[in-house]
Amino acid sequence: MAPTILVVGATGNTGRGVVETLSELLKTTPFSSHKILALTRSSSGAAAQLLARLPNVELVEQNWVEITLARLRQHNVERAFIASHNQPNQFAEESTFHLATLQAGVQLMASEDAPIGIIDPNLLISASKLP
């Protein structure tokens, strides 16, 4: 199975731009063999249908809080980006997700909540592996 970059919240404002940019950037990088797993709550929406047509993108309808260690390993997820909700339970749910990515051996994790203030999809295809 191809190595995977997981994008949680792929059809939202931030996630959509990340998927579109990654799809374009992958062509000219050492990560060209990677696929993008675009996670969405609804695969029938207009944004989801547009993303599904992009090169190297596999659209999956799933609630991200239900992602397990086994699911991450099943899809060979090496890198992940999360654009989650901002509900009161965000911290608990995101912490569970981060723990699963750590246990699955995900090499790079990025979030729209990152202190850098700017989402740069290049980070997902250029940063070195975590120690």
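Would you be able to say whether some residue in the range 44-54 is surrounded by 14 or more Cβ atoms within 10 Å (Cβ to Cβ), outside any helix (DSSP H, G or I) and in contact with a Gly (Cβ under 6 Å, 6 or more places away or on another chain)? Checked against the condition, which is being surrounded by 14 or more Cβ atoms within 10 Å (Cβ to Cβ), outside any helix (DSSP H, G or I) and in contact with a Gly (Cβ under 6 Å, 6 or more places away or on another chain), the range 44-54 yields no hits at all.
LEU25 - would you say it is part of a helix (DSSP H, G or I), closer than 18 Å to THR4 by Cα and modelled with pLDDT of 95 or more? No; evaluated as a whole, the condition is false for this residue.
Is the range 67-79 home to any residue that is farther than 20 Å from GLN103 by Cα and either more than 14 Å from the chain's Cα centre (by Cα) or of a type in the set (Asp, Glu) (or both)? Among the residues of the range 67-79, not one is farther than 20 Å from GLN103 by Cα and either more than 14 Å from the chain's Cα centre (by Cα) or of a type in the set (Asp, Glu) (or both), which makes the answer no. Of the listed requirements (1) among the hydrophobic types (A, V, I, L, M, F, W, C); (2) part of a strand (DSSP E or B); (3) out of contact with any Asp or Glu (no Cβ under 7 Å at 6 or more places or on another chain), LEU37 misses just one: (3). The residue that is nearest to the chain's Cα centre (by Cα), counting only those in the range 80-103 that are more than 26 Å from LYS27 (Cα to Cα) and of a type in the set (A, V, I, L, M, F, W, C), is PHE97. For first residues located in the range 1-28 and among the polar types (S, T, N, Q), partners that are surrounded by fewer than 24 Cβ atoms within 10 Å (Cβ to Cβ) and assigned to a helix (DSSP H, G or I) and lie 6+ apart or on another chain with Cβ distances below 6 Å form the pairs THR11/ALA47; THR11/ALA48. Do the conditions hold for SER32, that is, is it in contact with a strand residue (DSSP E or B) (Cβ under 9 Å, 6 or more places away or on another chain), more than 23 Å from PHE97 (Cβ to Cβ) and either of a type in the set (Phe, Trp, Tyr) or not in a helix (DSSP H, G or I) (or both)? No: the conditions fail for SER32.
The values are calculated or read from the model by the stated rules, or taken from the named source; none is laboratory data. These numbers come from a predicted model, not from an experiment. For neighbour counting, all protein chains shown are included, and Cβ atoms are generated from backbone atoms with ideal geometry for every residue, glycine included.
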